[in-house]
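Contents: one structure, followed by commentary.
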Amino acid sequence: MLDRRINKLKVNLLAQGDELAVIRHLVDANPRGDDMLGEVCRAAVLLHPSASFEQALTLARTMAYIVYIDDYLEEEHPELDLADYRRVCQNFLLWPNRDLSQMPLVNATVTRKIEEQFREDEVPEEWTAMRRLVWEKSIWTMLQENHWLKHKERVTLDAYLANGMYSSSFPIVQVSILAFSYQDVSQELKNRIFGHICQASRVVRLANDLRTHEREAAQGRFNSVDLIFGSPGERTLAIARERRTGITQQFLSHLIDSTQVLLDFYEVPRAKPRSDRLLRAG
């Protein structure tokens, strides 16, 4: 049943001619893995098992678009940084644009389809601000990391994790799931759940960068972990300190009680090259 849903999502997305550039990006010689589109569709199903097909399609489309933006900023245009924030937002996000003729058609098409699903599901308008905030924060933090990497600036672990709170794809995807599933919850509960999501994002971001560090260092690439750790010995001590006293244990205790969907996401296969960056997309 799970495989059928995943395959149906893949077939549907590949048939969308008006968003082909974004979808084919996950298929055509993608260095992240042999079946990145399959990983995205699998994640959409595991993250929200009770979703309708249309909601799962929106989640898969969302993650595909995040990967597309991530690669644009990290691989194609690493020179862009915070000074380019407004221009990048207008390139990828529908709502900051006053002149949509300046926005690439495929980008406008994908974002329109994402927004339309929330309208079709009659998600209350009060969710819109939070959903748009996490998209904008995601781009801001990606550009912040570009700035750090471009200048090879050393940053503190606290600053790195604070940035990772939004540069992970988790806030965007999870806020979407919350909007689909819990439309009438109080603002207080939204804020509490969002706090758990942000903690999860920090943990996932650090774990993913640590996992890719050795491979990217061997390729001569400057990994995000290099921003916060100097020598290998310093890196080891800092990791051990994070495991003992940091957010990992504190978050997992909350995670088990309140966001089981994130635990499902950890079961997404990670063996294929660079597929772990799906969790970051930042």
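The values are calculated or read from the model by the stated rules, or taken from the named source; none is laboratory data. Not measured: the values here are computed from a predicted model. Neighbour counts run over all protein chains shown; Cβ positions are idealised from the backbone, glycine included. Just so you know, the surface numbers come from the protein's heavy atoms only, side chains and all, with ligands and any DNA or RNA stripped out. Shrake-Rupley method; radii C 1.70, N 1.55, O 1.52, S 1.80 Å.
Yes or no: Glu115 under 15 Å from Ile172 (Cβ atoms), among the acidic types (Asp, Glu) and either open to solvent by 70 Å² or more (accessible area, probe 1.4 Å) or without any contact (Cβ under 8 Å) to a residue 24 or more places away in the chain (or both)? So Glu115 passes the test. Across region 160-174, the qualifying residues are those that are of a type outside the set (Gly, Ala, Ser) and without any contact (Cβ under 8 Å) to a residue 60 or more places away in the chain, and the one among them that is surrounded by the fewest Cβ atoms within 10 Å (Cβ to Cβ) is Met165. Tell me, yes or no, whether region 151-159 has at least one residue that is at pLDDT below 85, closer than 17 Å to Arg202 by Cα and buried (at least 21 other Cβ atoms within 10 Å of the Cβ). No. Evaluating Leu189 against the criteria (1) at pLDDT below 85; (2) open to solvent by less than 50 Å² (accessible area, probe 1.4 Å); (3) hydrophobic (A, V, I, L, M, F, W, C) leaves one unmet condition, (2). I'd like the full set of residues that are open to solvent by less than 80 Å² (accessible area, probe 1.4 Å), over 17 Å from Pro171 (Cα atoms) and of a type outside the set (A, V, I, L, M, F, W, C), limited to region 120-143. Residues satisfying the conditions are Asp121, Pro124.
Filtering region 132-191 to residues that are among the acidic types (Asp, Glu) and in a loop (DSSP other than H, G, I, E, B) leaves Glu153, Asp184.
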